[in-house]
Amino acid sequence: MPPARTLFQVKAEKTSSSFYYHINMEPNGVRGTDNNALEETPTVTPRMSRQQVLTLISVASVNFSSMICYSILGPFFPYEAKKKGASQTVIGLIFGCYALCNLMGSLILGKYIVQIGAKFMLVSGLFVSSVCTILFGLLDKVPGTTTFVALCFIIRSIDALGFAAAMTSSFAISAKVFPNNIATVLGSLEIFTGLGLILGPPFGGMLYQSFGYELPFISLGCVLFLMVPFNMYMLPAFDAVPSTDSFFRLFTLPKVFLICFVVFTLSSGLGFLDATLSIFATEKFSMSPGYVGLLLLGVSLPYCLSSPLLGVVSDKFPSVRKWLMVLGGLATALGFCLLGPAPFLHIQSQLWLLIFMLTIIGFSLGMTGIPTFPEILNCAYENGFEEGLSTLGLVSGLFGAVWSIGMFFGPTFGGFMTQTMNFEWAATVEGVIGFLASILLGIYFITERVQTNRPSRVIDGETPEESAPLLGQSPTDSVQTQYQ
């Protein structure tokens, strides 16, 4: 009787194709050979499909155009609003209302992304944002403080809904088309997000300084409008089945909740800088709006350059993701505490120290932010969520909602703290919140690791002694007896 053989067939699904990897094992544990040896070696095609290429181009254009329009406000709008009679707290609320509407939009649109359609959601979001950006550039013609502030709130709120539609669908589409390389793709796409953040402040500041308030918004709004027909042509359509899962079930998972807390601290810090840094730099170092825009490169440039590498590391070494988030959060906390610096440190505020801390914050933002989306998605799948566009929409919507909560809290609370106390104390409070979130997440990961490494007393109804191989029997023989 010929020796029994076992056939293990491993199916690895790639983004555009699948292959079968056959391993023929002899009873003695030696790999068998046959005439079909070529079938035993998996062949992976490195080329992306046409759908993947078009999706990558489309989402990259969305990230770049949306972020450049979002980031142009930082260098000059707080100063312009202050001239109109708005207080620091009101300026913070104008920034914060954008995030609050983004929060509501992300939750609703993420839940119903399948019913609305991912492509239609993205294109319509770009159209709404482009129109609102152009209208925002006409607000300097509005007389009176009350009317100016009211229109700022209305236009920014509608713009936030368009931004939520575009970004929620772009995250979900990216994860749908690149399921096995989510962190790498998102990290690469963050190059274009970073470019938008990099070019927005200096470009907006220079245009404002040279041509006034209107031109930065009108010119970039027209660029964003051109992205609408471009993405209608480039982006493929997606079909999916709605899911019965909910945001509440996803958010109440302990790991997801703690990761969301960390994401909140990141967006809160960025929102805080948007609303307060320009005024602090102008008053403390007598900087013009153009140079304030260049100062903001300290955050966006390190983030842009480090994101692709951090995305590759996150995909190649999934076990490292959790510690990247923890260490990145601690580095962000340190950066905010030394940004002022904190008054109790008795360190004199200097321009070089401010720029260096902004660089630390930018790099640590990539360390913490890039691994969060794939970690939340993996946690959702591990807890029984269906794989598909519906779950991707939930995760994308939750991520956008939590990010928006931070973007509301940061400018609002930061503006209030800066007006009540000063910038140095407000930045310190931001650092303390980030430190707390990172420590809690680190404690959870350590506890999870200890529980995982703890030996189990019963495995599949058997004690370790009962499941051990017989004397003289190798572990390989024990496995093979189950297949004979």
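The values are calculated or read from the model by the stated rules, or taken from the named source; none is laboratory data. This is a predicted model, so every value here is computed, not measured. As a convention, Cβ positions derive from the backbone with ideal geometry for all residues, glycine included, and neighbour counts pool all protein chains shown. Please note that ligands, DNA and RNA were not included when accessible areas were found on the heavy atoms of the full protein model with its side chains. Shrake-Rupley method; radii C 1.70, N 1.55, O 1.52, S 1.80 Å.
So the values come out like this:
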| quantity | calculated |
| --- | --- |
| Any hit, the range 350-359, residues being within 20 Å of the chain's Cα centre (by Cα), at negative phi and in contact (Cβ under 8 Å) with a residue 24 or more places away in the chain | yes |
| Positions within the range 264-278 being over 18 Å from PHE363 (Cβ atoms) and open to solvent by 20 Å² or more (accessible area, probe 1.4 Å), in sequence order | PHE264, ASP274 |
| Residue in the range 331-341 that is nearest to the chain's Cα centre (by Cα), counting only those that are closer than 19 Å to ILE279 by Cβ and not in a helix (DSSP H, G or I) | LEU339 |
| Residue within the range 129-142 that is outside any helix (DSSP H, G or I), farther than 22 Å from GLY410 by Cβ and free of Cβ contacts under 8 Å to residues at least 24 places away in the same chain present | yes |
| Wholly enclosed helices (runs of 4 or more DSSP H) of the range 71-121 bearing at least 3 residues at negative phi and within 20 Å of the chain's Cα centre (by Cα) | 88-111 |
| Residue pairs meeting the criteria (Cβ under 8 Å; at least 6 apart or on separate chains; first of a type in the set (Phe, Trp, Tyr), in the range 426-438; second open to solvent by 40 Å² or more (accessible area, probe 1.4 Å)) | PHE435/LEU330 |
| Spans of helices (runs of 4 or more DSSP H) in the range 379-484 with at least 3 residues modelled with pLDDT under 85 and within 30 Å of LEU351 (Cβ to Cβ) | 389-420 |
| When residues of the range 87-130 are limited to those that are at pLDDT 85 or above and among the polar types (S, T, N, Q), the one surrounded by the fewest Cβ atoms within 10 Å (Cβ to Cβ) | SER124 |
| Candidate set from the range 284-309 (those that are modelled with pLDDT under 80 and out of contact with any helix residue (DSSP H, G or I) (no Cβ under 7 Å at 6 or more places or on another chain)); member that is surrounded by the fewest Cβ atoms within 10 Å (Cβ to Cβ) | SER286 |
| Any hit, the range 186-208, residues being touching a Lys or Arg at 6+ places or on another chain (Cβ under 8 Å) and open to solvent by less than 20 Å² (accessible area, probe 1.4 Å) | no |
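For every residue, the table says whether it meets (1) within 14 Å of the chain's Cα centre (by Cα); (2) within 28 Å of GLY92 (Cα to Cα); (3) open to solvent by 30 Å² or more (accessible area, probe 1.4 Å).
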position	(1), (2), (3)
ILE154	no, yes, yes
ASP159	no, yes, no
GLY162	no, yes, no
ALA165	no, yes, no
ALA175	yes, no, no
ASN181	no, no, yes
